[in-house]
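Bear in mind these aren't lab numbers, they're just calculated from the coordinates by the rules spelled out. Small disclaimer: the values here were computed from a predicted structure and weren't measured. Note: ideal-geometry Cβ built from the backbone for every residue, glycine included; neighbour counts use all protein chains shown.
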Amino acid sequence: MEIDISRLVKLARIELKPEEELRLAPQLGEVLGYVDKLKELNVDDVEPTAHASPLSNVLRKDELADSLCRDDVLRNAPESSNGLFVVPKIVE
Amino acid sequence: MEYELVIGLETHVQLNTCTKMWCGCANEYGSDSNTNVCPVCLGLPGVLPVLNEAALRKTALTGFLLNCSVPGYAKWDRKNYFYPDNPKNYQLTQLDFPSTVDGYVNFESLGGIVKVRINRAHLEEDVGKSFHFADYSGIDFNRAGVPLLEIVTEPDINSAEMAYDYLNALKNILEYGAVSDCDMEKGQVRCDVNISVRPKSQSKLGEKVEIKNMNSFSGIRRAITYEFKRQVEVLEKGGTLVQETRRWDDDAGVTDSMRTKEDAHDYRYFPDPDLMPYRPSDEWLSAIREGVVELPLDRKMRMMSQHKIPQESADVFVREPLLGDYFEQAVKGVKNSRSVANWVINNLQAKLVESGTTIDGLTFSPAAIGELVELVESGKISGKIAQEVFNEMFKSGVSPLGIIESKGLSQVSDTVQLKAFCEEVIVANPASVDDFRDGKEAALNFLKGQVMKISRGKANPKMVDDLLREMLVD
Amino acid sequence: MTMVHSLTINQLIEKLRGGQLTSRQIMEACLNRIDSVDDKLNAFISYDVEDALAQADFADKARSEGQEGALLGVPVAIKDVIAVKNHPLNCASKILGNYESPYDATVIKKLREAGAIIFGRVNMDEFAMGSSTENSAFGPSRNPWDIDYTPGGSSGGSAVAVSADECIASLGSDTGGSIRQPAALCGCVGLKPTYGRVSRYGLVAFASSLDQIGSFTKDVKDAAIMLQVIAGADEKDSTSVPEPVPDYTVALSGELKGMRIGLPREYQVDGLDTEVKAATESAVAKLEELGAEVKEISLPHTEYAIATYYIIATAEASANLARFEGVRYGARIDGEDPEEMNCRTRGAGFGDEVKRRIILGTYVLSSGYYDAYYLRAQKVRTLIRQDFLQAFEHVDLIATPTTPTPAFKIGEKAKDPLEMYLSDIFTISCNLAGLCGVSLPCGFSEKGLPIGLQLLGRPFGESDLLRAANIYQEATDWHTKRPDLD
């Protein structure tokens, strides 16, 4: 099965080297060919399962809890300045 | 050819919960950057969301205020897109089973009452805030995870003015329900506009254009006006419109294309596996229903008929609900409700602005305003003295009667004393007396003023008028 | 003589209580063992000797002051996918760089409360994606029974560390068999609790609706002790279930009489190794001999489980792993704009298998394909779950081989992802259906590689599961065998 891998890696934001693309594309095609197996089944009247347990109405009270101190917030940041996470300039 | 506008609005409103949507960090504007954040709202590896009950409650309440129904089942979905201010790079929102659906808003516009249908009001999470510098951008995640209500209208709006009126009415309703502070400057209300244009004779909708980046209601009005003109011009020139997203440039007053349908996002929505669905119970819903308040438009109509106040006054009270509440307390048992309304709007409001205080900070009760009006009505004090009493009341919080007594400001209506004042003035101003006797009516006003002056404003003006005429004729 | 580091939790606690051993001695024994064998096995990504000994001393002091705890002074190794405050967290990936977690996972809090020594980061397939621990940025782990073979995965390091006596117990995570499969291939006990039994807060998500934290231990008693500590609802995890936590150690005793065990007809698959088949059949015979009633059952949608799993798991993963993009943490490779920075960071930071799964997950959710793949898979998931719930009306447990073959060689399946996926056939359905499962040693291949028996139980049926496993273990000695590493 052929897939448009360049569109997918753009959506998923993964830069692939040309040789990676050559390696991954047929593997993905093979897996997709395999999962097509599900099309054998008639699932018209079946409800989808999104959760493995049947819970509902799980809520918390609107009560304050401790936030992290700013040093801890920024401790793992690749780059920060003046209390902000720094990223390459956002242009739209 | 004549063209017609079809507009739908998507308004994002921050709910004024104490904490964020999925964690216990403060939902607070203006803190130092990245101080109201924790592993959950920062999207650190391994964290999970847990839904804030108050956010859900305020969503349902808003639904009721917008005449929506609250379905028996709601769930959360992931909307996938990368952006530096989006901590998980998916936003939790409600796609196909939102918390409230199918409502409407009635509001005044274009000289009448119009109705806009609400498709849904669903709950989602806000993202962080970006700041742009010369060669980099910086992100503050304090806002990330703040509960955000997205209120989506049907395409029932057909002019810039109507959109503007809808937004003001919506803001007013949300403030009434105390679900949001609706401060646009703090980014608590944001709105995207979907607009299309078609020849009046055509039933098929034109290509939908989304406009983003307006930061005020008037900006939205201008953007719609501009966009209508632009689209009509394209059509008139025989051009075609494309489905696209455009950005409003407020300084230049124009819109620019951001992206067309071809490079539109593919959000890959799917049900969030970390959050369980919500099935509101009848008890929960009826408790929320009890919190439903009178809507602004209903209130206006009621105030006009119940208190016989003019529309302009009712408008002020609807726009300023606290002032309206104050009026409704002050007017209790007072005959001249118009006068109470005037006092509250003209004097009290001005004084509040001047002194920078709020209604909560007042040291006298609303009944004191009613009392003041009654004192003027009964002739106990003049309007002018009333002003002085009011100023004193504002300062000290003492009741009007108390002030009048302690300062001896009661109006003098005693004929003997008034005659004595008049005598003194007649003697001191022979020229004016002559003028009046020669038929110059204006001279009497001067003499009256002199009497008021020496009585320090307390003389009953009507009686002074009568007495002077009587004495000068003799 | 049994070495200190070979003891079970149960045995250790007894010796600690009796004053025959200190936690420091245990910790030092484990550290020495790591020194002598981990160069070969590569179970540990990192560990902090000073911190480990300080925790041991603290435990000894607490005990001398009369304190008790189910795990007081017991070293527990942690899979590198569970957050421990101020410890590195890499998920065996390059993308997290020097990341250290500023918070503890709920299971870590619980382990601390029980007195455990939180010790080391053990190896795994990157982001728990894989069945061999070959997909690790820190190099593959090796099977202690033969280092040319993989230990299985994704929690390979957790299994190796326990089987090679480098620690007393460990935590792992299981999304489609990532605890049970490496336990089987390394010859230890791996327990995957019911979805919702143990909090996932602090477990870096691979596939949120399938992930569950569980334990690796040297025997079933220890599995009960570990579960007792980590089970229970958590207000930080909306999917954790407020089901009462029974006393699992009490539940161990009893008998097998009257317990009905089902053998799924559909699990007689092509490619089932004859030695594995023989070993598991004799294990089932043993269970029967011990009083269980064995009967055939049917799980008709078994053949669709792998396809269903790889759609659901990759879809969820594609969103779960979007947060690793170089903005707030981790290794960043800069770019002209955020998009380029994200793409480069993720391109360089993720390994092949993670990339494959993210791309596959992106595909099955993308516009025009959602209904055909993702929604359909969710529906088939319903059918698979129903299969099991119906089967559990007739039986109390289901017995299967844990894996179709014993351990495979390092590199053997690395070039063929699909073949690797297909080896998860017996473990995957349990996660789709939200059941509990355990793998325990039940024999060895001719080459001397361990074989695992898998028992599956009803949702929240851990007591039955552990009792049957324990009774089997008391009647056999497979679990006492140790690899020769000297």
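List of remarks:
- Cut-off 19 Å (backbone N to label point 7 Å along Cα→Cβ of B:TYR73), residues of segment C:364-408: C:371, C:374-386
- Contour excess over end-to-end distance, with Cα ends at B:GLU236 and B:SER406 and 0.36 nm allotted per residue: 53.6 nm
- Spin-label proximity, C:ASP39 to segment C:119-156 - amide N less than 18 Å from point 7 Å beyond Cα toward beta carbon: C:139-144, C:147-148
- Value at 222 nm in deg cm²/dmol, rounded to 500, when DSSP H runs of n ≥ 4 in the protein assembly as shown each add -39,500 (n - 2.57): -11500 deg cm²/dmol
- Interchain or long-range residues, amide H under 5 Å from C:GLU293's placed H: C:GLY258, C:MET259, C:ARG260, C:ILE261
- Span from the segment C:343-407 Cα centroid across to the segment C:94-169 one, whole angstrom: 22
- The modelled label-to-label distance between C:LEU418 and C:ALA54, using points 7 Å beyond Cα along the C-beta direction, is 5.2 nm.
- Comparing Cα centroids, segment B:419-474 and segment C:206-234 end up 101 angstrom apart.
- Between B:SER201 and B:GLU312, the contour length at 0.36 nm per residue exceeds the Cα-Cα span by 36.1 nm.
- Hits among lysines - C-alpha to C-alpha of B:LYS300 under 22 Å, sequence gap 8 or more where chains match: B:LYS115, B:LYS171, B:LYS308, B:LYS332, B:LYS335
- With a Förster radius of 25 Å applied to the C-beta separation of C:ALA372 and B:ALA264, the computed FRET efficiency comes to 0.75.
- Inter-label distance, nm, simple model (7 Å from Cα along the C-beta direction), B:GLU470/C:ASP270: 12.6
- Given +1 at the Cβ of Lys and Arg, -1 at the Cβ of Asp and Glu and no other charges, the dipole of the protein assembly as shown around its Cα centre is 1320 debye to the nearest 20.
- If you plug the beta carbon distance of C:SER64 and C:LYS85 into 1/(1 + (r/R0)^6) with R0 = 35 Å, you get a FRET efficiency near 0.85.
- Within segment B:3-288: Cβ-based charge dipole about Cα centre, in debye rounded to nearest 20 (Lys, Arg +1; Asp, Glu -1): 480
- Neighbour-count ranking [beta-carbon atoms within 10 angstrom, fewest first] of C:PHE426, B:PHE82: B:PHE82, C:PHE426
- In this rough spin-label picture, where each label sits 7 Å from Cα along the Cβ direction, the B:TYR81-B:GLU290 distance is 4.1 nm.
- Partner lysines for C:LYS379 [C-alpha distance under 18 Å; skip if fewer than 8 residues away on the same chain]: A:LYS37, A:LYS39, B:LYS75
- Over 30 Å (Cα to Cα) - which of C:LYS192/C:LYS355; C:LYS109/C:LYS355; A:LYS89/C:LYS79; C:LYS218/C:LYS257; A:LYS10/C:LYS109 fall in this group: C:LYS109/C:LYS355; A:LYS89/C:LYS79; A:LYS10/C:LYS109
- Separation of alpha-carbon centers, segment B:120-167 and segment A:1-66, rounded to whole Å: 29
- Ordering B:GLN231, B:PRO84, B:ALA144 by Cα displacement along the dipole of segment B:3-288 toward the positive end leaves B:GLN231 in first place; charges were set at the Cβ atoms of Lys, Arg (+1) and Asp, Glu (-1).
- Set of lysines with alpha-carbon distance to B:LYS208 below 21 Å, sequence-local pairs under 8 removed: B:LYS200, B:LYS229, B:LYS237, B:LYS261
- With a Cα cut-off of under 19 Å and a minimum spacing of 8 residues unless on different chains, the lysine pairs in segment B:415-473 number 8.
- Computed over chain B, relative contact order equals 14 percent, with contacts defined as Cα pairs under 8 Å that lie 6+ residues apart.
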